[in-house]
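Chemist: Please read through the structure below; I'll follow up with questions.
The values are calculated or read from the model by the stated rules, or taken from the named source; none is laboratory data. Since this is a predicted model, take the numbers as computed values, not measurements. Reconstructed Cβ throughout: ideal geometry from the backbone, glycine too, with neighbour counts over all protein chains shown.
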Amino acid sequence: MKRDRDYVVKDGQVIIVDEFTGRLMFGRRYSEGLHQAIEAKENVKIERESQTLATITFQNYFRMYDKLAGMTGTAETEEIEFRKIYGLEVVVIPTNLPMIRTDHPDVVYKNDEAKFRAVINEIEEVHKTGRPVLVGTISIEKSEALSAILKKKGIPHQVLNAKYHEKEAEIIAQAGRLGAVTIATNMAGRGTDIILGGNTEALAREILKKKVNPEEATAEQIETARQEAKAITEREHEQVVNLGGLHIIGTERHESRRIDNQLRGRAGRQGDPGSSRFFVAMNDDLMRLFGGEMIVQWMERLGWEEEMPIEHPRIAKAIENAQRKVEARNFEIRKQVLEYDDVLNKQRETIYGLRHKLLMGEDLKDHVVEALQSVIEHLVLSHTDARLAEEWEYTGILNSAEQMFLPAKSISEHQLVEVANGRTEQLKEYLVEEAMKFYEEKEKRIGSETLRAFERYVMLRTIDTLWIDHLQNMDDLREGIGLRAYGQQDPLVVYKIESYQMFQDLLSAIKEDVVRFVFKMELTEDSPK
């Protein structure tokens, strides 16, 4: 985990940066003590570990909808995943106007230092012509390092990253103006058009601010500023188009081709001209982890020097293959996460279905009676053996019954022995009958309405509390299940078996707690509802 790449420190808090969008993820925290470790490292207040109250994967969340569809400019590279996970086909719609952007081949350098020197040179050369430039970086750290070099060279520019996300609309609005240089992380104004020549409305607001307080401006002053801005943007639009439009510089290939396509797609929109070029170093994370070594050895045999740029079909193919490997790996990870979450999803549907019934005001008495019968059945079966009636644990049955659903000393062990007569069914019926007498007396004493309200509260509280504990237990099971592969067991099969047993234990625990609270908690008629 690296500061200004994976997270930022802002207002005494460690805030995660989304690796795909470059935006701050407020309210999100790393789990298993990792967030606390980072807080300790950065010397900010260490917050306690958060507790998971509910969990669902995006895939299962989207599957809850009866109909599913979406629209994006970069779905084609992920069409296999859309088909396999959601059963959705990807249809490519032709562009509104012909796409005339020029996508130059990647330029590959031996190391990071040489690559960034080349990036700076490219920015300088394009900036001299007056063309607007958008530079995409993969981290806040890289964007600020690049900004520092441009400052030294006296090249005016704007920085757009998670630290300055409040200015995003303002920066993007003017990123297409004559001579503009914008350095951005992956956020790069996603979902907005960078208008060549600048945004008229945004420029009008800037002009107005310089002259008067915008809140006090008259309609005439606003219109004058708008006309002035319109004249400037129209003039600059024509100049920028004639120069070749917006130039995109990518300082590194992302793991996902989709993210690279999103950066490239900032230029050449709606039939505008534009161009793009990616700069790659062989020690970039993508190349270092997925296939860069063989190319370095191959090029060194040919006498590859540090400052020598390489444009070669074999290297372009290697970069694409590296991205495909990462995408395939990440897809397998997401697919595996979904396979495990599908197990939990069935349990989630059962629990949420039960909660829904309780909230919708169904007759709760039936639920309580059903829970009572289940608890008594489990109690009797765990203390008896039909083949050895003389060894039944009547003392244990009576003690448990008095703890959960019977008043103390309301029946004796001798009565249990006489009623049962060696038959479990008779014993169960007797215990249910005695418990229901106690329950009905309680209902008469405090009133049906009060008891129903209390039952609803108890059931919801019990389900929520035990479900939270169950989620933690499932997490713990999931963390260690991979080790079962060493014992020649399929981790997913073992996970399904053990999670099923854990869920049965959860349902039993819910029933026991509901029965114990409803039967043993004393209420009065004046109790709050």
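Chemist: Among the candidates Ile46, Ile38, single out the residue that is surrounded by 11 or more Cβ atoms within 10 Å (Cβ to Cβ), assigned to a helix (DSSP H, G or I), at negative phi and over 16 Å from the mean Cα position of the chain (by Cα). Explain how you work it out, then say what you get.
Modeler: Details: Ile46 fails: assigned to a helix (DSSP H, G or I).
After ruling out the rest, the residue left standing is Ile38.
Chemist: If you don't mind, another one. Of everything in the range 412-445 that's crowded, with 17+ Cβ neighbours inside 10 Å and farther than 16 Å from Arg516 by Cα, which residue is modelled with the lowest pLDDT?
Modeler: Ala420
Chemist: Now a separate question. Would you check if Gly480 is on the phi > 0 side of the Ramachandran plot and either more than 36 Å from the chain's Cα centre (by Cα) or not basic (Lys, Arg) (or both)? Steps first, answer last, please.
Modeler: Details: on the phi > 0 side of the Ramachandran plot: no; either more than 36 Å from the chain's Cα centre (by Cα) or not basic (Lys, Arg) (or both): yes.
No: the conditions fail for Gly480.
Residues are listed down the side, and each one gets a yes or a no for (1) of a type in the set (A, V, I, L, M, F, W, C); (2) in a helix (DSSP H, G or I); (3) at pLDDT 90 or above:
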| position | (1), (2), (3) |
| --- | --- |
| Arg329 | no, yes, no |
| Glu332 | no, yes, no |
| Val337 | yes, yes, no |
| Glu349 | no, yes, yes |
| Ile376 | yes, yes, yes |
| Val380 | yes, yes, no |
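Chemist: Have a look at Val92, Val8 and point out the one that is without any contact (Cβ under 8 Å) to a residue 40 or more places away in the chain and not polar (S, T, N, Q). Outline the logic, then answer.
Modeler: Values: Val8 fails: without any contact (Cβ under 8 Å) to a residue 40 or more places away in the chain.
Just one listed residue meets the conditions, Val92.
Chemist: Which pairs turn up if I take residues in the range 51-68 that are at negative phi and look for partners that are in a loop (DSSP other than H, G, I, E, B) with beta carbon separation below 8 Å, at least 6 apart in sequence or on another chain?
Modeler: Within 8 Å, the pairs are Phe62/Leu68; Leu68/Leu88.
Chemist: Given the conditions (1) part of a loop (DSSP other than H, G, I, E, B); (2) under 34 Å from the mean Cα position of the chain (by Cα), which single one is not true for Ser147?
Modeler: (1)
Chemist: Just to be sure, is Ile56 closer than 23 Å to Gln472 by Cβ, in a helix (DSSP H, G or I), not assigned by TED's automatic domain parsing to the domain that holds Gln472 and not polar (S, T, N, Q)?
Modeler: Values: closer than 23 Å to Gln472 by Cβ: yes; in a helix (DSSP H, G or I): no; not assigned by TED's automatic domain parsing to the domain that holds Gln472: yes; not polar (S, T, N, Q): yes.
Judged against the criteria, Ile56 is not a match.
Chemist: Something else: Is it the case, given these coordinates, that Val514 is loosely packed, with under 13 Cβ neighbours inside 10 Å and either at positive phi or in a helix (DSSP H, G or I) (or both)? Spell out the reasoning first.
Modeler: Working: loosely packed, with under 13 Cβ neighbours inside 10 Å: no; either at positive phi or in a helix (DSSP H, G or I) (or both): yes.
For Val514, the condition - loosely packed, with under 13 Cβ neighbours inside 10 Å and either at positive phi or in a helix (DSSP H, G or I) (or both) - is not met.
Chemist: Just to be sure before I move on: is Ser147 small (Gly, Ala, Ser), within 21 Å of Arg266 (Cα to Cα) and either modelled with pLDDT under 90 or not assigned by TED's automatic domain parsing to the domain that holds Ile259 (or both) in the structure I sent?
Modeler: Numbers: small (Gly, Ala, Ser): yes; within 21 Å of Arg266 (Cα to Cα): yes; either modelled with pLDDT under 90 or not assigned by TED's automatic domain parsing to the domain that holds Ile259 (or both): no.
So Ser147 does not fit the description; no.
Chemist: Within the range 340-348, can one find any residue that is within 26 Å of Asp475 (Cβ to Cβ), buried (at least 16 other Cβ atoms within 10 Å of the Cβ) and among the charged types (D, E, K, R)?
Modeler: Of the range 340-348, the ones within 26 Å of Asp475 (Cβ to Cβ) are 340-348.
Narrowing further to those that are buried (at least 16 other Cβ atoms within 10 Å of the Cβ): 340-341, 343-345, 347-348.
When the remaining residues are screened for being among the charged types (D, E, K, R), the result is 341, 348.
So far as the range 340-348 goes, yes, one or more of its residues are within 26 Å of Asp475 (Cβ to Cβ), buried (at least 16 other Cβ atoms within 10 Å of the Cβ) and among the charged types (D, E, K, R).
Chemist: Another question about this same structure. Taking the range 146-156, which residues are in contact (Cβ under 8 Å) with a residue 24 or more places away in the chain and either surrounded by 19 or more Cβ atoms within 10 Å (Cβ to Cβ) or of a type in the set (Gly, Ala, Ser) (or both)?
Modeler: Within the range 146-156, the first condition is being in contact (Cβ under 8 Å) with a residue 24 or more places away in the chain, and the residues that meet it are 146-147, 149-150, 153, 155-156.
Leu146, Ser147, Leu150 - these are the residues of the range 146-156 that are in contact (Cβ under 8 Å) with a residue 24 or more places away in the chain and either surrounded by 19 or more Cβ atoms within 10 Å (Cβ to Cβ) or of a type in the set (Gly, Ala, Ser) (or both).
Chemist: If you take the residues of the range 333-351 that are in contact (Cβ under 8 Å) with a residue 12 or more places away in the chain and basic (Lys, Arg), which of them is nearest to Val514 (Cα to Cα)?
Modeler: Out of the qualifying residues, it is Arg348.
Chemist: Let me ask something else about it. Of all residues in the range 461-480 being of a type in the set (S, T, N, Q) and more than 14 Å from Ile56 (Cα to Cα), which is surrounded by the fewest Cβ atoms within 10 Å (Cβ to Cβ)?
Modeler: Of the range 461-480, the ones of a type in the set (S, T, N, Q) are 462, 465, 472-473.
Narrowing the set further to residues that are more than 14 Å from Ile56 (Cα to Cα) leaves 462, 465, 473.
Values: Thr462: 21, Thr465: 13, Asn473: 15.
Step by step, filter the range 461-480, then rank; the result is Thr465.
Chemist: Answer yes or no as to whether Tyr495 is out of contact with any strand residue (DSSP E or B) (no Cβ under 9 Å at 6 or more places or on another chain) and either exposed (fewer than 14 other Cβ atoms within 10 Å of the Cβ) or over 30 Å from Ala408 (Cβ atoms) (or both).
Modeler: Working: out of contact with any strand residue (DSSP E or B) (no Cβ under 9 Å at 6 or more places or on another chain): yes; either exposed (fewer than 14 other Cβ atoms within 10 Å of the Cβ) or over 30 Å from Ala408 (Cβ atoms) (or both): yes.
Here the answer is yes, as Tyr495 does meet what is asked.
Chemist: If you go through the range 124-144 one residue at a time, how many are surrounded by fewer than 23 Cβ atoms within 10 Å (Cβ to Cβ), hydroxyl-bearing (Ser, Thr, Tyr) and part of a helix (DSSP H, G or I)?
Modeler: Going through the range 124-144 one residue at a time, the tally reaches 1.
Chemist: Kindly provide the set of residues from the range 340-396 that are among the charged types (D, E, K, R) and under 33 Å from the mean Cα position of the chain (by Cα), ordered by number. Full working, then the answer.
Modeler: Applying the first criterion (among the charged types (D, E, K, R)) to the range 340-396 yields 341-342, 346, 348-349, 355, 357, 362-363, 365-366, 370, 377, 385, 387, 390-391, 393.
Scanning the range 340-396 gives Asp341, Asp342, Lys346, Arg348, Glu349, Arg355, Lys357.
Chemist: Mind checking which pairs have a first residue in the range 215-230 that is on the phi < 0 side of the Ramachandran plot and in the same structural domain as Gly197 (by TED's automatic domain parsing) and a second that is of a type in the set (Asp, Glu) and assigned to a loop (DSSP other than H, G, I, E, B), Cβ under 8 Å, 6 or more apart or different chains?
Modeler: Close Cβ pairs (under 8 Å, with a partner that is of a type in the set (Asp, Glu) and assigned to a loop (DSSP other than H, G, I, E, B)) do not exist here.
Chemist: Counting only residues that are under 18 Å from Asp513 (Cβ atoms) and either at pLDDT 90 or above or not aliphatic (A, V, I, L, M) (or both), which one in the range 352-365 is surrounded by the most Cβ atoms within 10 Å (Cβ to Cβ)? I'd like the intermediate steps shown before the answer.
Modeler: Start the filter on the range 352-365 by keeping residues that are under 18 Å from Asp513 (Cβ atoms), which leaves 354-355, 357-358, 364-365.
Applying the additional criterion that residues be either at pLDDT 90 or above or not aliphatic (A, V, I, L, M) (or both) yields 354-355, 357, 365.
Details: Leu354: 17, Arg355: 15, Lys357: 14, Lys365: 14.
Top of the filtered list is Leu354.
Chemist: Sticking with this structure for a sec: Under the condition of being closer than 25 Å to Glu441 by Cα and touching a Phe, Trp or Tyr at 6+ places or on another chain (Cβ under 7 Å), which residue from the range 376-409 is surrounded by the fewest Cβ atoms within 10 Å (Cβ to Cβ)? So that I can check it myself, show each step before the final result.
Modeler: Residues of the range 376-409 that are closer than 25 Å to Glu441 by Cα, as a first pass: 376-380, 397-409.
Those left that are additionally touching a Phe, Trp or Tyr at 6+ places or on another chain (Cβ under 7 Å): 404-407.
Working: Met404: 20, Phe405: 25, Leu406: 19, Pro407: 16.
In this case the residue turns out to be Pro407.
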